[in-house]
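A.B. asks: My questions will all concern the structure given below.
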Amino acid sequence: MNYEQALATQLASHTGLPLEEISQAIETPQDPKLGDLAFPCFRLAKAMKKAPPIIAHEIAASLTNAALPWIDEVRATGPYVNVMISRSDFAANVLAAVLEAGPRYGASTVGDGQKVLVEYSSPNIAKHFHVGHLGSTMIGKTLDNTYRFLGYDVTSINYLGDWGTQFGKLITAYLKWGSKEEIEKTEIDGLVKLYVKFHEEADNDASLNDEARAWVVRMQEGNEEGFALWRWFIDLSLREYERLYKRLRVSFDETTGESRYSDKMDAVVNALTGKGLLQESEGAQIVDLEAHGMPPCLILRSDGGTLYPTRDIAAASDRYETYKFTKCLYVTGNEQSLNFAQWMKVVELMGHEWAKGLVHVPYGMLLFEEGKLSTRRGQVIKVDDLLNEAVAKAKAIIEEKNPGLANKDAVAEVVGIGALVFGKLYTSRMKDTMFSWDRMLSFDGETGPYVQYAHARCCSVLAKAGLGADADLATGLDATHLADNEAFTVMRLLYDYPDRIKEAAEKYEPFLIARHMVALAQAYNAFYHQHIILVENAPEVRQARLALTAAVRDVLKGGLELLNIGAPESM
Ligand code: ARG
């Protein structure tokens, strides 16, 4: 049931204005006391040759309960027509929709037939997965889930940083100082140590740099020994990444990397030359972007070496050829915004119509209160350590609050990691996020655990009533028992939820979903504290309140799922 639409249809037939225009004009009053829906009459004044308040009066008089049975009251307030929706009608409609869909309430088919690629995570081989990649992974995964939920045909891509001159250095260092056994055991730690040692030694011995460069050239010529080592470095790195992805509940349709495009540079260069876009500058090949207010985009280095944006141009063409995407999203830290703006502009200048579907989705930094450490610049915080700490802290809280809980470790894993993920997703993505364990893990703040706890509360109320996840609470539901303010606030949030999901996808903003989850959890808790749910001797009231509880449980679970966070049934 779409109330705005129904009201708009009625007003269109009354005023003769186009339906579209009326739909857009209908709003939700800031002050809920004024009404649930409002229609401003200003725009009718000219056509009807009357003052807006007079028009508002006439319309109000015409909007009767006979015309729209769900109307409770209509008032003309100045130039506005304010409509109060019958609360029981509203509750009946909303609950019917939610209980039928379950946790998939809000899913839609708007994306049918449209291909969307979401590229995210994309860590750099032989380096630790760092907190910046965690941000990309969490935001990307939510967009991935959300677009799928809306019916888009999504392919998720992990685009590894697996190419570049650093591999020449690493191979050189490994052959000089490395041991297979040691590296097998220490994985990325060992590789990072070798890389650091290379730089220390190269400060005194410049010939090392020549050797590294020689390896880069050999690799370009397909040298088997070099490739075997390089593939091994990738395997070792993926071992760490895979462990994290498992804990973060992430998997990709496609894991690829920059190396895949290392030999596609000629095609890019030829295409750019053909369009007259390429220029020489100090020996390098560039595309001048001065007319577009940006520094030039570097395409080829003076030594013929390939570059990050050039690989991206090749990758984007390949993705378009393969998938004919409507949109291709790239989720990375906002320090890469200029780089993306540049190469995307180059693709546009090449005359590719599909360039309009390329979207960079940048995000702000994760900062830590302890030591005010900016992880993109300073020291690298290992994500594994971060997850372990979150889980340990969650476990301590659970021990204190609910020592008798079954599966404490499993719940702590979901709550701890959920707290971290939610903490990042709760602010609009361009804002830097200041992490604080206390704030993030609080069971009564605007946090992941708070939302999970509300979900667990719903589950426990339903369990007490002897109802499982598939109990039928819709049949025979009498929603007149849900006309109180607290229930209405819950209904309003349930009703608005599908629009919030769409908005989150359109704006690439997971925080819109996260905030809605907190608001719903708060509204449910207010309801729970104000009303006894398992009332005795009033089975209809009891059923209505349980139905509301089941609907909240489903939507909290569905919303947490979109954010890629688990929802334990007790905690
Ligand atoms: N590997 C890069 C990094 O860690 C991110 C890759 C982003 N994606 C892209 N198509 N350039 O910074």
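A.B. asks: If R500, R492, R515 are ordered by their accessible area, calculated over protein heavy atoms with a 1.4 Å probe, which sequence runs from highest to lowest?
C.D. replies: Ranking R500, R492, R515 by accessible area, largest first, yields R515, R500, R492.
A.B. asks: Place a +1 charge on the Cβ of each Lys and Arg in the chain and a -1 charge on the Cβ of each Asp and Glu, then give the dipole magnitude about the Cα centre in debye, rounded to the nearest 20.
C.D. replies: Charge dipole of the chain: 880 debye, to the nearest 20.
A.B. asks: Tell me, what are the semi-axes, in whole angstrom and largest first, of the equivalent ellipsoid of region 439-561 as set by the roots of 5 times the Cα gyration tensor eigenvalues?
C.D. replies: Equivalent ellipsoid semi-axes, largest first: 25, 16, 13 Å.
A.B. asks: Taking only C-alpha pairs under 8 Å that are 6+ residues apart, what is the relative contact order of the chain in percent?
C.D. replies: It comes to 16 percent, rounded to a whole number.
A.B. asks: Still on this structure, I have one more. Mind running the shape call on region 102-186? Use the C-alpha gyration tensor, a ≥ b ≥ c as the square roots of the eigenvalues: rounded below 1.5 for a/c, prolate if a/b tops b/c, oblate otherwise.
C.D. replies: Here region 102-186 falls in the prolate category.
A.B. asks: While we're looking at this one, here's another question. For the chain, what ratio Rg/Rh do Cα atoms give with a Kirkwood hydrodynamic radius?
C.D. replies: A ratio of 1.06.
A.B. asks: Right, something else. Please give the calculated 222 nm ellipticity per residue for the chain, where each DSSP H segment of at least 4 residues contributes -39500 (n - 2.57) and the sum is spread over every residue; nearest 500 deg cm²/dmol?
C.D. replies: Using -39500 (n - 2.57) per qualifying helix, the result is -17500 deg cm²/dmol.
A.B. asks: When ranked by the protection proxy of mean other Cβ atoms within 10 Å per residue, highest first, what sequence do the peptides 129-140, 357-368, 215-226, 298-309 form?
C.D. replies: 129-140, 357-368, 298-309, 215-226
A.B. asks: On to the next question. Which links in K356/K507; K382/K424; K246/K393; K180/K246; K33/K502; K127/K193 stretch past 18 Å when you go from one Cα to the other?
C.D. replies: Violating the 18 Å limit, Cα to Cα: K246/K393; K180/K246; K33/K502.
A.B. asks: Give, as ranges by residue number, the residues of region 146-167 whose backbone N falls under 17 Å from the point 7 Å along Cα→Cβ of Y323.
C.D. replies: Counting backbone N atoms under 17 Å from the label point, the list is 146-161.
A.B. asks: First select every other residue whose beta carbon is under 15 angstrom from the beta carbon of E184; then total the charges, Lys and Arg +1, Asp and Glu -1.
C.D. replies: -1
A.B. asks: Next question, about the same structure. In what order, largest first, do Y195, Y245, Y426, Y453 sit by accessible area if the probe radius is 1.4 Å?
C.D. replies: These residues rank, largest area first, as Y453, Y195, Y426, Y245.
A.B. asks: Next question. Find the all-direction average of the projected area of the Cα convex hull for region 428-470, expressing the result in square nanometres with one decimal place.
C.D. replies: 4.3 nm²
A.B. asks: A further question follows. Is there a pair in K176/K264; K115/K141; K141/K324; K197/K264 whose C-alpha atoms are over 23 Å apart, and which pairs would that be?
C.D. replies: Where the Cα-Cα span goes over 23 Å, the pairs concerned are K176/K264; K197/K264.
A.B. asks: Follow-up. Can you order the peptides 38-49, 274-285 by their average number of other Cβ atoms within 10 Å per residue, highest first?
C.D. replies: 38-49, 274-285
A.B. asks: Regarding region 168-221, what are the three Cα extents along the principal axes, ordered largest first, in Å?
C.D. replies: Cα spread of region 168-221 along its principal axes, largest to smallest: 29, 29, 14 Å.
A.B. asks: A follow-up question, please. Of all the accessible heavy-atom surface of the chain, with the other protein chains kept in place and a 1.4 Å probe, what percent is carbon and sulfur?
C.D. replies: The C+S portion of the solvent-accessible surface of the chain is 50 percent.
A.B. asks: Using all Cα-Cα distances in region 217-288, what percent lands in each 10 angstrom bin from 0 up to the longest?
C.D. replies: 15, 30, 25, 23, 7
A.B. asks: Heavy atoms only, probe 1.4 angstrom, no DNA, RNA or ligands counted: give me H516, H57 ranked by accessible area, highest first.
C.D. replies: Of H516, H57, the descending order of accessible area is H57, H516.
A.B. asks: Roughly what would the spin-label model give for E290 and K46, points 7 Å off Cα along C-beta, in nm?
C.D. replies: 4.6 nm
A.B. asks: Continuing with the same structure: Can you list the equivalent-ellipsoid semi-axes of region 127-169, largest first and in whole Å, using the square root of 5 times each Cα gyration tensor eigenvalue?
C.D. replies: The equivalent ellipsoid of region 127-169 has semi-axes of 29, 13, 4 Å.
A.B. asks: So for region 183-335, what are the equivalent ellipsoid semi-axes in whole Å, largest first, each being the square root of 5 times an eigenvalue of the Cα gyration tensor?
C.D. replies: Over the Cα atoms of region 183-335, the semi-axes work out to 30, 25, 16 Å.
A.B. asks: In the chain, with Lys and Arg counted as +1 and Asp and Glu as -1 at Cβ, which of these residues, L367, L387, L546, has the Cα nearest the positive end of the dipole, that is, farthest along it?
C.D. replies: L546
A.B. asks: Expressed as cubic angstrom per residue, what is the convex hull volume of the alpha carbon set of region 1-126?
C.D. replies: 195 Å³
A.B. asks: In Å and on Cα atoms, what radius of gyration and Dmax does region 350-506 show?
C.D. replies: Looking at region 350-506, its Cα Rg and Dmax stand at 20.7, 65 Å.
A.B. asks: Choose one of A96, L11, G111: the residue whose Cα lies farthest towards the positive end of the charge dipole of region 9-122 (beta-carbon charges +1 Lys, Arg; -1 Asp, Glu; about the Cα centre).
C.D. replies: My answer, from the dipole projection, is L11.
A.B. asks: Give me the net charge of T64's neighbourhood, meaning all other residues with Cβ under 14 Å from the Cβ of T64; Lys, Arg count +1, Asp, Glu -1.
C.D. replies: Cβ neighbours under 14 Å give a net charge of -2.
A.B. asks: Given the options L560, L175, G305, identify the residue whose Cα lies farthest towards the positive end of the charge dipole of the chain (+1 on Cβ of Lys, Arg; -1 on Cβ of Asp, Glu).
C.D. replies: Ranked along the dipole, the leading option is L560.
A.B. asks: Please give me the summed charge of the neighbours of A316: other residues whose Cβ is under 15 Å from its Cβ, Lys and Arg +1, Asp and Glu -1.
C.D. replies: Cβ neighbours under 15 Å give a net charge of +1.
A.B. asks: Could you work out how far the C-alpha centroid of region 79-113 sits from that of region 441-504, in angstrom?
C.D. replies: One Cα centre to the other: 14 Å.
A.B. asks: Run the simple label-point estimate for S62 and E348 please: 7 Å along Cα→C-beta, distance reported in nm.
C.D. replies: 4.5 nm
The values are calculated or read from the model by the stated rules, or taken from the named source; none is laboratory data. Not measured: the values here are computed from a predicted model. Because the Cβ atoms are built from the backbone with ideal geometry, glycine has one as well, and the counts that use them run over all protein chains shown. Just the protein is used for accessible areas: all its heavy atoms, side chains included, with ligands, DNA and RNA removed. Shrake-Rupley method; radii C 1.70, N 1.55, O 1.52, S 1.80 Å.
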